[in-house]
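Below you'll find the structure, written out as structure tokens, and then a few comments.
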Amino acid sequence: MTQRSESLGQEHRVPLPAGEVRYFERGAGAPVVFVHGVLTNAQLWRKVVPDVAAAGFRCLAPDLPLGSHDLPMRADADLSPAGNADLIADFLDALDLRDVTLVANDTGGALTQILLSRRPERVGRVVLTPSDCFEYFFPPIFKPLPAVARIPGSMAVLGQLLRIRALYPLPVLFGWVVKRPLPDAVAQAYLSPLRKSAGVRRDLRKLLRDVHPRHTLAAAEALRTFDRPVLLAWAPEDKLFPIRLAHRLAELLPDAKLVEIPDSYAFVSEDQPAALAGHIVEFAGVMAD
């Protein structure tokens with residue numbers, strides 16, 4: 001099992017229809033669930049959770065089956081975009097979480113939008129940081145990935161390529177998601193599971209091969225009637241998900257607010273964790289009153 005920061009809280013596991021999911025919990029109060037994207041895991045939120053928990057919230061950060069998880073799902077699990085969205089909804093159901101604040105990033109933002117179009121009942125409000133949406137599922141630089149994922153053995157090759165640390169600063173890996181280099185231990189927590197586990201590679205391939213803008217465009221149409229509050233905490237310098245996407249979401253959603261987080265790329269939880277935590281606490285607290 002790859003290590004996670006102690007700042008995430010206690011480690012737990014929960015059985016879901018797709019398989020057993022590892023998650024981390026810290027704090028008590030209204031639930032805030034953190035949703036990461038592809039080739040990251042709960043570690044993405046290690047610098048945000050402490051401040052949110054200290055403000056009186058119950059923070060839960062699952063390791064979703066998006067390529068950096070340690071517990072492979074069932075071989076027959078549906079891990080398409082819709083299947084992964086349902087898995088997140090199943091997580092909320094299994095823990096009987098109600099009036100949840102969902103905080104999502106990157107691919108996790110797309111999965112959250114799909115969840116809201118399918119099973120929004122347990123969600124009270126949403127914080128979307130820079131995320132896939134509309135035609136950007138994936139962003140242009142990652143458009144080849146679904147076709148690559150359909151090639152047998154491609155995930156094993158990808159796992160071996162991720163051994164090469166010289167690739168880490170490139171835009172196709174971490175160069176366009178963080179402004180400052182990731183600690184090596186964090187990078188390895190994200191990248192080593194894919195290399196080590198055939199089950200993890202199988203799970204990621206199931207998602208990647210079905211990624212297509214049709215999923216996020218359909219979700220966007222459904223979001224026109226999603227009447228709960230949404231905070232768009234976006235980075236104006238982000239190169240993967242331009243801020244014009246956040247403005248489009250703000251126009252589409254009935255109850256949305258856009259705040260800009262400067263000096264950050266897509267992973268605002270890495271580049272500006274204190275600012276993001278402050279926005280989450282203010283938004284979740286005010287909207288829950």
Volume in Å³ per residue [convex hull over Cα atoms, computed for the stretch 197-263]: 132 Å³
Convex hull per residue volume in Å³, alpha carbons only, for the chain: 108 Å³
Stretch gain in nm, segment GLU11-ALA28, where the contour uses 0.36 nm per residue and the Cα spacing is subtracted: 4.6 nm
Close Lys-Lys pairs in the chain, where close means Cα under 26 Å and separation is 8 or more or interchain: 11
Estimated inter-spin distance, ARG244 and ILE141, nm [label 7 Å along Cα→Cβ]: 1.8 nm
Antiparallel bridge percentage (DSSP; both residues within the chain; nearest 5): 35 percent
Over the chain: helical MRE at 222 nm, DSSP H runs n ≥ 4 each giving -39500 (n - 2.57), nearest 500: -11000 deg cm²/dmol
With at most 12 neighbouring Cβ atoms within 10 Å, loop trypsin sites (Lys or Arg not before Pro) (DSSP) excluded, longest segment of the chain: 1-97
Cut-off under 5 Å, modelled amide H: who pairs with ALA235 long-range: ILE261
C-alpha center-to-center spacing [the stretch 232-258, the stretch 17-35] in angstrom: 26 Å
Net lengthening on full extension, ASP76/ARG119 (0.36 nm per residue, minus Cα-Cα): 13.3 nm
Full-extension gain in nm, ALA54 to LEU167, via 0.36 nm per residue minus C-alpha separation: 37.0 nm
Note, ³J(HN,Hα) from phi for the stretch 128-142, Karplus 6.51, -1.76, 1.60, rounded to Hz, x at Gly and Pro: 9, 8, x, 8, 4, 6, 6, 6, 8, 9, 9, x, x, 5, 10
Most positive-pole-ward Cα, ILE88, PRO31, ALA275, against dipole of the chain from beta carbon charges: ILE88
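Since every read-out is calculated from the coordinates, none of them should be taken as a lab result. Remember, predicted model here, so these are calculated numbers, not experimental data. Because the Cβ atoms are built from the backbone with ideal geometry, glycine has one as well, and the counts that use them run over all protein chains shown.
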